[in-house]
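For reference, the structure is listed below as structure tokens.
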Amino acid sequence: MWVYIEDFKNHIGETVTLKGWVFNKRSSGKIHFLQLRDGTGTTQGILEKVKVEESVFEKAKELRIESSVEVEGVIREDSRSKGGYELEVTGLKILQIPSEEYPIAKKDHGTEFLMEQRHLWLRSSKQYHIMKVRNEIIRATRAFYDNQGFTLIDTPIFTGAIGEGAGNLFQLDYFDYGKAYLTQTGQLYLEAACMSFGKVYNLGPTFRAEKSKTRRHLTEFWMNEAEVAYYDYQDNMRLQEELITYIVQNVLDHCAESLAVLERDTTKLSGIKPPFPRVSYDDAVKLLQEKGHAIQWGDDLGAEDETVISNQYDKPVMVYKYPTQVKAFYMQPDPERPEVVLCDDMLAPEGYGEIIGASERIHDYALLIKRIEENKLPLDSYDWYLDLRKYGSVPHSGFGMGIERTVCWICGIHHIREAIPFARTLYRIQP
Ligand code: 4AD
Ligand code: MG
């Protein structure tokens, strides 16, 4: 019977078949110790010369790293081995022994080399566990919205209107229509949908032709966005802190082993509960100036500024009311102070930077036209978006959470390229 390693606990003493790969092997004259993985976990197979046919023991000598195998054996409890069980091997079927040495051996490879081998690197323990945490983050995100009565609205990837700004668009030819873009955000479409469904969300890939080669930027990244009719920017902040809390708690509850392999200090995650600190942009600038930063009121926060601010807290911090001039055209200016917008950026602790961008949206028709023009965006491509301000317009707010940035923070990894299965960056489109 084929049994996955994660189910070994239910089959102690039984003879089962494991279908997987050899990730390491150690041999003495009379025993082969096979380190095996099958996608659900790892275990050790003990192959003793005296317990199997001669031919089986001889065949096993040829196994090398990443051989694919079906191993028959008896599951034994073993407190010394990782996972608590081992397999006393009784039979072995070899599907393939690699004809060459596996490129990713034990030695220390540079990250560039490993990125070129990404299709194989994904098999390595650390990469495996990062993807397991990513999987949980996405599962929990969807569950959060499901539990709160949101409707999933899948937003398009080909778009005709610029969602965030003209600066970093991927353009393509779209039949007779002319230029189209790969979406930077699904927000504009979620704004349409929230006028029908009230509370909506999406989760999908977004694209930015980012020329920056930082540890935080991808050209293709996944974003979860939410949009709620009748929410103001403060309701919006409450929703964000609830979402992040839910995600972190679920990762702690369901990914203990992965976090341990990643050597994540979980004490830094277990305190992530509302309320998260809220700091105005004005106060953030004052703090930065006191600390000797060159920032002037009106400048956007740079990565170093963000780190200094987030280091004041052990929870994510929401910086709100940025200057209108550094934010996107659709953000609602503060009626009492139009030089700032009713927005917030959530900065993750430990220097991980912005994980969420959020705001209340302009719901006034004339003001939105004015802001589109001020931003020198093509008014005619926003016809439909402006319609939303003509037919029962209401205040509404939403946000976008970068999945990979969130993965980086929760896993405690340095570079965003390891937070997505196949990273797309300025210098990489392979594998
Ligand atoms: O702050 P951004 O640009 O906001 C929007 O796109 C809004 N339209 C979202 C909304 O309100 N519906 O992007 C949102 C988040 C950022 O906070 C960051 O976490 C992530 O997306 N992000 C990136 N992640 C990886 N690589 C990049 N190049 C990213 N650009 C943004
Ligand atoms: Mg942003």
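The values are calculated or read from the model by the stated rules, or taken from the named source; none is laboratory data. Given the structure is predicted, the values throughout are model-derived calculations rather than measurements. With ideal geometry, Cβ positions are generated from the backbone for all residues, glycine too; neighbour counts draw on all protein chains shown. Remember, those area values only see protein heavy atoms, side chains included, never the ligands or the DNA or RNA. Shrake-Rupley method; radii C 1.70, N 1.55, O 1.52, S 1.80 Å.
Looking only at region 322-372, filter to residues that are of a type in the set (Val, Ile, Thr) and within 14 Å of ligand 1 (Cβ to nearest atom); which one of those is farthest from Tyr231 (Cα to Cα)?
Within region 322-372, the match that is farthest from Tyr231 (Cα to Cα) is Val326.
Considering every residue within region 373-387, establish whether at least one is aliphatic (A, V, I, L, M) and free of Cβ contacts under 8 Å to residues at least 12 places away in the same chain.
Taking region 373-387 and keeping what is aliphatic (A, V, I, L, M), we get 377, 379, 386.
Add one more test, that the residue is free of Cβ contacts under 8 Å to residues at least 12 places away in the same chain, and what stays is 379.
Yes - at least one qualifying residue is present in region 373-387.
Of all residues in region 253-288, count the ones that are under 19 Å from Tyr352 (Cβ atoms) and assigned to a helix (DSSP H, G or I).
9
In region 318-349, which residue that is part of a helix (DSSP H, G or I) and open to solvent by less than 50 Å² (accessible area, probe 1.4 Å) is nearest to ligand 2 (Cβ to nearest atom)?
Taking region 318-349 as the starting set, the residues that turn out to be part of a helix (DSSP H, G or I) are 324-326.
Next, only the ones that are open to solvent by less than 50 Å² (accessible area, probe 1.4 Å) stay: 324, 326.
Working: Thr324: 14, Val326: 10 Å.
Selected residue: Val326.
Being open to solvent by 50 Å² or more (accessible area, probe 1.4 Å) and in contact (Cβ under 8 Å) with a residue 40 or more places away in the chain narrows it down to one of Glu101, Glu77, Glu66, so name that one.
When all the criteria are applied, what remains is Glu77.
Take Glu6 and decide whether it is among the acidic types (Asp, Glu), under 36 Å from the mean Cα position of the chain (by Cα), within 20 Å of Glu257 (Cα to Cα) and in a helix (DSSP H, G or I).
Criteria met by Glu6.
If I ask for residues that are surrounded by fewer than 20 Cβ atoms within 10 Å (Cβ to Cβ), away from ligand 2 (no atom under 16 Å from the Cβ) and not aromatic (Phe, Trp, Tyr), which ones from region 350-370 would you list?
Glu350, Gly351, His363, Asp364, Ala366, Leu367, Ile369, Lys370
Let me spell it out: the conditions are (1) within 32 Å of the chain's Cα centre (by Cα); (2) open to solvent by less than 30 Å² (accessible area, probe 1.4 Å), and Arg389 meets all of them except one. Which number is the exception?
The number of the failed condition is (1).
Mind telling me which of the residues Arg123, Arg208, Arg216, Arg134 ends up being within 16 Å of ligand 1 (Cβ to nearest atom), open to solvent by 40 Å² or more (accessible area, probe 1.4 Å), within 30 Å of Gly110 (Cβ to Cβ) and touching a residue at least 40 places away in the same chain (Cβ under 8 Å)?
Going through Arg123, Arg208, Arg216, Arg134 in turn, the sole match is Arg208.
Considering only region 49-63, how many residues are among the charged types (D, E, K, R) and surrounded by 15 or more Cβ atoms within 10 Å (Cβ to Cβ)?
Summing the residues that are among the charged types (D, E, K, R) and surrounded by 15 or more Cβ atoms within 10 Å (Cβ to Cβ) in region 49-63 gives 3.
State yes or no: is Arg405 touching an Asp or Glu at 6+ places or on another chain (Cβ under 8 Å), touching a residue at least 60 places away in the same chain (Cβ under 8 Å), open to solvent by 10 Å² or more (accessible area, probe 1.4 Å) and within 16 Å of ligand 2 (Cβ to nearest atom)?
Against the criterion (touching an Asp or Glu at 6+ places or on another chain (Cβ under 8 Å), touching a residue at least 60 places away in the same chain (Cβ under 8 Å), open to solvent by 10 Å² or more (accessible area, probe 1.4 Å) and within 16 Å of ligand 2 (Cβ to nearest atom)), Arg405 qualifies.
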